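Since the structure comes first, as structure tokens, the remarks are kept for the end.
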Amino acid sequence: MSVRVVIADDQREVRHGLSMLLSAEDDLEVVGLAEDGARACELAARERPDVVVMDIRMPGVDGIEATRRIVQERDGDDEVTTVLVLTTFDHDDALYGALRAGASGYMLKDAAPSRLPDAIRRVAGGGSWIDPGVAGKVIDTLRRTAPKDAGGLPDLTVLSKRELEVLTLMGEAPSNTDLASMLCVSESTVKTHISRLLMKTGSAERSQLVALAYKSGLVRP
């Protein structure tokens, strides 16, 4: 099945250039073009794409706020829309703002021609994609700056209702297949939620999330 994509960028030539690039791929289908964040949210709600390729700086509603709205809108759905940020900006505010808002990937535009199709496939399948040029500082800073509660644990108030549910169930150590069955969603949707949990809590791996579920009291021994 094709991966359905919406492209959001305030530059017309960029939107259409990316559309041509992706349309050349047999398994990628562009279902909408948006000139700003508000339009991206409208298209995401109407078309229910698998992935929104999102610029950061756009007039009106910017890419970070649009990402937050799209992720929240489909938080409890059986299939989610993932966001892949595609931007020229690699400064910290844009980078961490997008990931904290729920983006599943962050790519710099100069890498798009060769890597964008694969990045879209990765995030559509529940994985994450961080541009190699910023990957090192992303992982380090997410771990360092993840909000903490009074006890020094990651602050779970940054998580959505669905993410809290997934984290709680992970504490019971089911596999992704079991989680998908319990939540009545696909495995790729489960993977997307876990990817977002890792980023928001600054965790490096699944086992740390399981430990967090116990330490935070979501799961009792």
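Here's a check for you: in region 164-184, which residue that is of a type outside the set (A, V, I, L, M), outside any helix (DSSP H, G or I) and open to solvent by 20 Å² or more (accessible area, probe 1.4 Å) is nearest to residue 214 (Cα to Cα)?
Among those residues, the one meeting the criterion is 172.
Which ones in region 30-70 are assigned to a strand (DSSP E or B) and either closer than 20 Å to residue 91 by Cα or aromatic (Phe, Trp, Tyr) (or both)?
Across region 30-70, the qualifying residues are 53, 54.
Residue 36 - would you say it is of a type in the set (Asp, Glu) and open to solvent by less than 40 Å² (accessible area, probe 1.4 Å)?
yes
Being touching a helix residue (DSSP H, G or I) at 6+ places or on another chain (Cβ under 7 Å) and open to solvent by less than 40 Å² (accessible area, probe 1.4 Å) is the requirement here; does residue 6 meet it?
The answer is yes for residue 6.
Please state which of the following conditions residue 95 fails to meet, knowing it meets all the rest: (1) more than 20 Å from residue 161 (Cα to Cα); (2) at pLDDT 90 or above; (3) surrounded by 22 or more Cβ atoms within 10 Å (Cβ to Cβ).
(2)
Given the options 195, 207, 203, 188, name the one that is more than 24 Å from residue 83 (Cβ to Cβ) and either hydroxyl-bearing (Ser, Thr, Tyr) or in contact with a Pro (Cβ under 9 Å, 6 or more places away or on another chain) (or both). So that I can check it myself, show each step before the final result.
Working: 195 fails: more than 24 Å from residue 83 (Cβ to Cβ); 203 fails: more than 24 Å from residue 83 (Cβ to Cβ); 188 fails: more than 24 Å from residue 83 (Cβ to Cβ).
Just a single option satisfies the conditions, and that option is 207.
Filtering region 69-79 down to residues that are open to solvent by less than 80 Å² (accessible area, probe 1.4 Å) and modelled with pLDDT of 90 or more, which residue is nearest to the chain's Cα centre (by Cα)?
Checked region 69-79; the qualifying residue nearest to the chain's Cα centre (by Cα) is 71.
Evaluate region 116-134: report whether one residue or more is at pLDDT below 80 and open to solvent by 10 Å² or more (accessible area, probe 1.4 Å).
Yes: region 116-134 contains one or more residues that are at pLDDT below 80 and open to solvent by 10 Å² or more (accessible area, probe 1.4 Å).
The values are calculated or read from the model by the stated rules, or taken from the named source; none is laboratory data. All figures in this text were calculated on a predicted structure; none of them were measured in a lab. Virtual Cβ from ideal backbone geometry, glycine too; neighbours counted across all protein chains shown. Protein only, heavy atoms only, side chains kept; ligands, DNA and RNA dropped before computing areas. Shrake-Rupley method; radii C 1.70, N 1.55, O 1.52, S 1.80 Å.
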